[in-house]
Amino acid sequence: MKVGIVCYPTYGGSGVVATELGMALARQGHKVHFITYREPVRLEGFHENVFYHEVSALDYPLFQYQPYESALASKMVDVVKFERLDLLHVHYAIPHASAALMAKSILREEGICIPFITTLHGTDITLVGRDPSYRPVVEYSLNHSDGITSVSSHLKDETLQNFRLRREIEVIPNFIDFSRFKKTNKEHFKKAIAPNGEKIVMHVSNFRKVKRVEDVVLMFDKLLPKIPSKLLLIGDGPERMNCEMMCRELGVCEHVRFLGKQDAIEDLLAIADLFVLPSEQESFGLAALEAMACEVPVISSNAGGLPEINIQGETGFLSNVGDVDDMARNAIFILGDETRLSQFKKKAFEQAKRLDIVNILPIYEEYYKHVLKVSEPIVM
Ligand code: GMT
């Protein structure tokens with residue numbers, strides 16, 4: 001198959017999933033064409049069967065905002081025609097679904113049929129998509145997608161509650177590429193961070209408000225007097241400064257390291273004992289799954305799709321959003337006993353194994369075949 005993948009190329013779960021999926025499809029022999037404004041973060045190096053088409057939007061003094069959606073649709077038209085693509089798969093509805101719909105309509109006039117699948121990732125529905133400034137366009141372009149997938153059952157339910165959809169939504173969960181995410185020995189690094197054998201607590205996110213990173217710091221402040229530990233905060237974003245201020249106010253700075261944006265997350269997860277994800281909303285929680293793949297138990301909120309991956313009392317614990325006392329209690333319980341910690345680590349790994357890309361890729365391939373079969377041919 002020749003597939004065009006459209007995604008956000010920067011740090012963020014939807015771009016990561018799109019890139020990992022594209023690379024896995026390419027390894028299976030499919031030709032995969034990424035269409036986006038920058039080379040996706042995880043697409044480094046050369047990969048057979050993978051192609052990258054950069055969208056550049058002409059700037060003009062008249063524009064207050066560059067019309068990226070038009071440039072993207074135009075690029076899609078060009079790539080579909082020139083590379084003779086069979087299918088477009090767009091990740092994150094805004095503005096990718098409506099751009100794909102526009103490209104499809106243009107190509108139809110030329111007698112070319114290009115079905116497109118929209119994968120919903122979370123905030124494209126729960127936060128941004130339902131806002132009146134985007135809602136009609138999102139609803140319309142979802143109803144005109146040839147297929148819709150959602151990364152969790154919770155997100156599917158939320159979508160059906162908030163939009164009048166005439167299309168079925170297929171739940172295809174996110175996945176892990178175990179050739180990349182596996183526990184490796186990084187003893188020297190662990191020693192540098194925790195010289196006295198302290199436990200290592202970790203959080204990875206884009207530091208947006210919705211991630212509630214301050215709760216990680218508050219929880220850690222309660223954990224520290226009970227369990228000698230270090231906190232590694234990875235990623236960057238608008239809330240980072242507030243978190244740094246909070247660490248100063250609480251007097252925990254010497255135990256907390258802000259590592260900024262990092263590419264090789266798996267090398268950092270290799271030294272973690274506990275992962276914390278207290279998000280206000282989280283349609284899936286890919287960062288938590290990546291931690292589990294590296295045998296790290298998870299303390300999370302019970303928001304969104306998190307209960308679908310973090311199993312209460314087995315792979316970690318879930319608390320109500322903002323309940324940092326409960327999160328700290330659970331963290332102390334897990335970290336306070338070596339045998340118990342090993343058991344949680346083992347269960348976390350087993351749970352991640354269920355979502356091995358080897359199991360999920362064939363589901364996508366089958367879905368592609370299904371969409372290609374049912375999408376209407378063009379009668380000129
Ligand atoms: O919030 C993020 O981390 C970025 C966002 C995105 O779309 O890039 O992530 C969403 O998609 C991820 C991949 O499917 C999910 O794992 C995240 O749960 C989801 N974020 C939210 O729902 C807040």
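The values are calculated or read from the model by the stated rules, or taken from the named source; none is laboratory data. Fair warning: this is a prediction, and the values are worked out from it, not measured in the lab. Virtual Cβ from ideal backbone geometry, glycine too; neighbours counted across all protein chains shown. Just so you know, the surface numbers come from the protein's heavy atoms only, side chains and all, with ligands and any DNA or RNA stripped out. Shrake-Rupley method; radii C 1.70, N 1.55, O 1.52, S 1.80 Å.
Annotations
- Selected residue (criterion: farthest from the ligand (Cβ to nearest atom)) from residues of segment 288-302 that are open to solvent by 10 Å² or more (accessible area, probe 1.4 Å) and within 18 Å of the chain's Cα centre (by Cα): ASN302
- Top-ranked residue of segment 272-287 - restricted to ones that are near the ligand (Cβ under 8 Å from one of its atoms) and not acidic (Asp, Glu), ranked as most open to solvent (accessible area, probe 1.4 Å): GLN281
- Counting only residues that are touching a Lys or Arg at 6+ places or on another chain (Cβ under 8 Å) and closer than 18 Å to PHE284 by Cβ, segment 16-41 holds 3 of them.
- Single condition ASN320 does not satisfy, out of (1) in contact with a Ser or Thr (Cβ under 9 Å, 6 or more places away or on another chain); (2) open to solvent by 40 Å² or more (accessible area, probe 1.4 Å); (3) assigned by TED's automatic domain parsing to the domain that holds ALA18: (3)
- In a residue-by-residue description of segment 47-62, the property of being within 16 Å of the ligand (Cβ to nearest atom), assigned by TED's automatic domain parsing to the domain that holds GLU168, under 25 Å from the mean Cα position of the chain (by Cα) and at pLDDT below 95 applies to no position.
- In segment 122-171, of all residues being in contact with a Phe, Trp or Tyr (Cβ under 7 Å, 6 or more places away or on another chain), within 30 Å of ASN310 (Cβ to Cβ) and open to solvent by 20 Å² or more (accessible area, probe 1.4 Å), the one that is nearest to the ligand (Cβ to nearest atom) corresponds to VAL128.
- Within segment 17-71, the only residue that satisfies the criterion of being open to solvent by 70 Å² or more (accessible area, probe 1.4 Å), farther than 30 Å from LEU355 by Cβ and touching a Pro at 6+ places or on another chain (Cβ under 7 Å) is GLU69.
- Cβ separations smaller than 7 Å between residues 6+ apart or across chains give the following pairs from segment 203-215 residues that are in the same structural domain as ASP325 (by TED's automatic domain parsing) and more than 7 Å from the ligand (Cβ to nearest atom) to residues that are open to solvent by 30 Å² or more (accessible area, probe 1.4 Å) and of a type in the set (S, T, N, Q): GLU214/ASN242.
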